[in-house]
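These notes are about the structure you will find just below.
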Amino acid sequence: MSNSNLFLKSGFVRAPLQNGVGRYVCQLQRIVLKFCKSHGGSRGMRDFIEQDLVDFARDNPSVVVYLKPRRHRSPVVVAEYLNGDRVWMSMQNKTQSEITKWIENMRTQQGDLSAVRLRKYQYTDHPSIQGPWTPFTFKNPELNVAKLPNPKFGANDRLPMSATEQLRIMFEKQRISKEEVKEEKKEE
Amino acid sequence: MSAAKRVQQWATFARTWHIFDCKWQDPYQSADLIKKYLMGMHKPIYHPMNDCGDVVVCINSRDIALRGDEWKKRAYFHHTGYPGGASWTLAWEVHNKDPTMIIKKAVYRSMKGNLQRRHTMERLLIYPDEEVPEDVLQNVTNQIRQLRLVPTRLDHIPEDEVRKFPKVMDYPKDYVYK
């Protein structure tokens with residue numbers, strides 16, 4: 001996490017009330033388009049209003065659409081959401097197709113997503129089947145009754161076998177096989 | 001939060017006490033191991049902003065083993081702050097003065113120098129021999145495995161086992177040991 005994110009709101013990836021599972025509720029409640037009737041910066045916005053706005057309002061009956069003409073000010077879109085978020089976006093010098101895409105983005109998102117630092121990129125209601133980890137999971141139960149310190153639990157048990165030990169084992173095996181041969185001879 | 005979940009939280013974030021036997025261990029290699037337990041890096045829940053470090057009790061710090069001729073060559077630097085106040089103390093001198101100092105400095109050096117380091121060091125308890133206070137020992141629930149095998153001296157092995165150990169040849173009876 002960098003310092004620029006210190007004052008950013010943090011959250012998890014979640015859909016409100018399992019939105020989209022079974023039914024979908026549009027999270028956008030109100031959208032206000034502010035523009036100027038004469039300036040060139042609002043050209044794209046005016047084109048959008050002339051050609052696409054009526055269709056947009058007809059397709060989304062749950063969204064309240066306001067138009068706010070204001071003289072000699074730059075065009076702005078303000079969207080308000082069910083969770084209370086308010087997204088302000090400047091549309092200065094944007095073309096009609098750009099504005100169509102940004103408004104589509106605002107319609108489909110569920111709040112002010114760009115102002116949230118995601119703590120994790122995944123979310124689950126059931127984080128673990130076997131239960132959360134504790135210091136005693138996967139521990140040798142013998143430790144519960146052992147008196148520590150104990151060389152049995154303290155000595156390194158992952159070292160490879162030393163050459164001396166290998167020789168000793170070879171010697172033991174040889175001796176045992178010799179004894180077997182002797183016993184067989186005796187039985188004969 | 002329900003009672004069961006609260007207990008689950010306590011269990012997951014409980015501080016565990018580990019014991020580590022420094023006998024015949026290299027303090028600088030052991031420090032990297034001890035550091036992980038002190039900072040909680042051995043846990044799956046580890047996160048640098050998460051207070052999940054454990055307590056480590058080191059015993060037998062008097063019996064540490066430095067490599068090569070480091071007892072004679074390794075110097076510890078100290079400066080009093082006054083002009084001419086610099087001093088270099090050899091490892092064997094430091095160890096004679098305080099047998100816990102070398103392992104403490106090794107662990108301190110192995111960790112990154114940030115604000116958390118001194119608080120993490122507070123969780124490291126070092127004892128020069130096997131005598132550990134009872135109230136410390138009763139908390140210990142785990143032992144950290146050593147890095148090296150502790151060698152056994154020949155005169156500490158029972159005589160029967162020494163005699164039974166396979167030999168290529170026997171010295172003649174009139175052989176004079178040097």
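The values are calculated or read from the model by the stated rules, or taken from the named source; none is laboratory data. Computed from a predicted model, the values in this text were never measured in an experiment. All Cβ positions, glycine included, derive from the backbone under ideal geometry; neighbour counts span all protein chains shown.
Taking (1) more than 15 Å from the chain's Cα centre (by Cα); (2) away from chain A (no Cβ under 13 Å) in turn, B:Ala4 satisfies each apart from (2). Taken as a whole, the range B:74-91 holds at least one residue that is at pLDDT 95 or above and either of a type in the set (D, E, K, R) or under 26 Å from B:Leu137 (Cβ atoms) (or both). Does the range A:134-144 include one or more residues that are of a type in the set (A, V, I, L, M), over 30 Å from B:Val140 (Cα atoms) and at pLDDT below 95? No, the range A:134-144 contains no residue that is of a type in the set (A, V, I, L, M), over 30 Å from B:Val140 (Cα atoms) and at pLDDT below 95.
Is there a residue being within 21 Å of A:Asn19 (Cβ to Cβ), at pLDDT below 95 and polar (S, T, N, Q) anywhere in the range A:52-60? No.
Are any of the residues in the range B:53-61 more than 10 Å from every other protein chain (Cβ to nearest Cβ), in a helix (DSSP H, G or I) and touching a strand residue (DSSP E or B) at 6+ places or on another chain (Cβ under 6 Å)? Checked against the condition, which is being more than 10 Å from every other protein chain (Cβ to nearest Cβ), in a helix (DSSP H, G or I) and touching a strand residue (DSSP E or B) at 6+ places or on another chain (Cβ under 6 Å), the range B:53-61 yields at least one hit. Annotation note: of A:Val21, A:Val54, A:Val32, the sole residue that is assigned to a loop (DSSP other than H, G, I, E, B) and of a type in the set (A, V, I, L, M) is A:Val21. Condition first: modelled with pLDDT under 95 and either over 17 Å from A:Leu113 (Cα atoms) or part of a strand (DSSP E or B) (or both). Now tell me which residues in the range A:73-85 satisfy that. Of everything in the range A:73-85, nothing turns out to be modelled with pLDDT under 95 and either over 17 Å from A:Leu113 (Cα atoms) or part of a strand (DSSP E or B) (or both).
A residue that is more than 30 Å from B:Pro44 (Cβ to Cβ), at pLDDT 95 or above, in a strand (DSSP E or B) and among the hydroxyl-bearing types (Ser, Thr, Tyr) cannot be found anywhere in the range A:92-100. When A:Ser128 is tested against (1) within 11 Å of chain B (Cβ to nearest Cβ); (2) more than 30 Å from B:Phe20 (Cα to Cα); (3) outside any loop (DSSP other than H, G, I, E, B); (4) of a type outside the set (A, V, I, L, M, F, W, C), just one condition goes unmet, and that condition is (3).
Of all the residues in the range B:26-52, those that are surrounded by 16 or more Cβ atoms within 10 Å (Cβ to Cβ), among the charged types (D, E, K, R) and in contact with a helix residue (DSSP H, G or I) (Cβ under 7 Å, 6 or more places away or on another chain) number 1. Select from the range A:134-188 the residues that are of a type in the set (Val, Ile, Thr) and facing chain B (nearest Cβ under 7 Å) and list them in ascending order. Passing the criteria: only A:Thr134.
Any residue at all in the range B:14-25 that is without any contact (Cβ under 8 Å) to a residue 12 or more places away in the chain and more than 11 Å from chain A (Cβ to nearest Cβ)? Checked against the condition, which is being without any contact (Cβ under 8 Å) to a residue 12 or more places away in the chain and more than 11 Å from chain A (Cβ to nearest Cβ), the range B:14-25 yields no hits at all.
For the condition farther than 30 Å from B:Lys72 by Cα, surrounded by 10 or more Cβ atoms within 10 Å (Cβ to Cβ) and under 13 Å from the mean Cα position of the chain (by Cα), B:Gln143 qualifies.
Taking B:Val150, is it modelled with pLDDT of 95 or more, within 12 Å of chain A (Cβ to nearest Cβ) and assigned to a loop (DSSP other than H, G, I, E, B)? Walk me through how you get there before you give the answer.
On the way: modelled with pLDDT of 95 or more: no; within 12 Å of chain A (Cβ to nearest Cβ): yes; assigned to a loop (DSSP other than H, G, I, E, B): yes.
So B:Val150 does not fit the description; no.
Please indicate, with yes or no, whether at least one residue in the range A:22-29 is touching a Leu at 6+ places or on another chain (Cβ under 8 Å), more than 30 Å from A:Asp125 (Cα to Cα) and surrounded by 14 or more Cβ atoms within 10 Å (Cβ to Cβ). So far as the range A:22-29 goes, no, none of its residues is touching a Leu at 6+ places or on another chain (Cβ under 8 Å), more than 30 Å from A:Asp125 (Cα to Cα) and surrounded by 14 or more Cβ atoms within 10 Å (Cβ to Cβ).
Kindly evaluate A:Arg107 against the criterion of being crowded, with 16+ Cβ neighbours inside 10 Å and in a helix (DSSP H, G or I). Yes. Restrict the check to the range B:71-82 and report whether at least one residue is surrounded by fewer than 17 Cβ atoms within 10 Å (Cβ to Cβ), touching a Pro at 6+ places or on another chain (Cβ under 9 Å), in a helix (DSSP H, G or I) and not hydroxyl-bearing (Ser, Thr, Tyr). No, because not a single residue in the range B:71-82 is surrounded by fewer than 17 Cβ atoms within 10 Å (Cβ to Cβ), touching a Pro at 6+ places or on another chain (Cβ under 9 Å), in a helix (DSSP H, G or I) and not hydroxyl-bearing (Ser, Thr, Tyr).
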